[in-house]
Ligand code: ARG
């Protein structure tokens with residue numbers, strides 16, 4: 001039977017970092033090949049387009065100054081996790097990115113976030129922490145130390161659900177799963193261990209299940225405001241699935257950043273303030289969809 005579903009866009013506040021110093025000079029994930037040329041000018045244009053898209057949708061975008069010598073700093077999602085205005089700083093696994101942790105934490109301290117925690121355990125921010133209405137979903141297996149999951153739970157006072165990633169191409173949770181709104185998610189089952197798959201089925205029986213092909217196009221590295229879903233344009237099957245569920249998929253080309261193993265979500269850190277997801281503050285017209 002058809003069911004009426006209203007999708008509501010909620011204005012968001014994001015932090016981004018211009019890829020001024022972007023390059024691929026080392027390899028810490030299977031997408032990175034230092035031999036393959038990168039067009040930095042094009043990367044900047046593609047990134048600007050992403051930022052403009054957010055602004056056109058009514059979102060706020062804050063910027064952090066890019067630091068020379070930190071080519072992956074464009075991937076702002078890794079810089080911290082922010083819930084109810086409380087900031088859990090990042091502690092990177094790979095030495096090439098370690099200096100980004102303090103750089104991002106400094107930005108928060110200087111920009112009106114009084115509660116910034118220096119992390120005890122390795123965690124790569126929203127790369128591995130994704131926030132739904134009821135839970136914090138937490139990846140491990142490649143980057144974030146599972147010991148960080150307890151640290152996040154204690155710090156945020158929200159239940160943290162640990163999920164194990166098993167495919168090295170999907171080394172961060174935000175490459176294998178995306179939050180669409182409240183407790184709605186999409187994910188690629190093959191990216192998770194059998195136990196984690198069972199947990200996801202139990203918590204999210206209505207989740208959008210994404211094919212390995214669309215996940216391979218980085219389709220799950222998506223940013224949703226509850227209605228508009230920005231995702232790599234190559235993930236065409238996924239865009240159709242989202243439209244059928246009443247979302248508004250917006251395809252974007254971030255091909256240069258994909259050479260470092262990142263796309264839309266990786267470039268975007270959500271600044272969640274207390275009470276910041278009140279649906280009455282809609283950014284764009286809401287749509288009612290009939291979902292079968
Ligand atoms: N080259 C970066 C790394 O391997 C890409 C980070 C992508 N960020 C993300 N949130 N998945 O760390």
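Quick note: the coordinates plus some simple rules give every number you see, no bench work behind them. Quantities reported herein were computed from a predicted structural model and do not represent experimental measurements. Here Cβ is always computed from backbone atoms with ideal geometry, including for glycine, and neighbour counts include all displayed protein chains.
Some notes on this structure:
- Size-normalised alpha-carbon gyration radius of region 106-175, reference 2.2 N^0.38 Å: 1.13
- Of all DSSP beta bridges in the chain, antiparallel share, percent nearest 5: 55
- The gain in end-to-end length when the residue 115 to residue 150 segment is fully stretched comes to 10.8 nm, 0.36 nm per residue minus the alpha carbon separation.
- Stokes-Einstein D for region 218-272, Kirkwood Rh over Cα pairs, 25 °C, 0.890 mPa s (µm²/s): 217
- Using a Förster distance of 30 Å, the FRET efficiency for residue 84-residue 201 (Cβ separation, nearest 0.05): 0.60
- All C-alpha to C-alpha distances of region 96-228, sorted into 10 Å bins beginning at zero, yield P(r) values of 12, 42, 34, 11, 0 percent in whole numbers.
- Sorted largest first, the spans of the alpha carbon positions of region 177-218 along the three principal axes are 25, 24, 11 Å.
- Cα pair count fraction exceeding 19 Å, expressed as % - region 66-150: 32
- Debye equation applied to the C-alpha atoms of region 151-264, log10 I(q)/I(0) at 0.18 Å⁻¹: -0.90
- For the chain, the Kirkwood radius over C-alpha pairs fed into Stokes-Einstein at 4 °C and 1.567 mPa s yields D = 69 µm² per second.
- Counting only DSSP H runs of at least 4 residues, each contributing -39500 (n - 2.57), and dividing by the residue count of the chain, the helix-based mean residue ellipticity at 222 nm comes to -6500 deg cm²/dmol.
- Quotient of Cα Rg and 2.2 N^0.38 Å for region 1-95, N being how many residues it contains: 1.36
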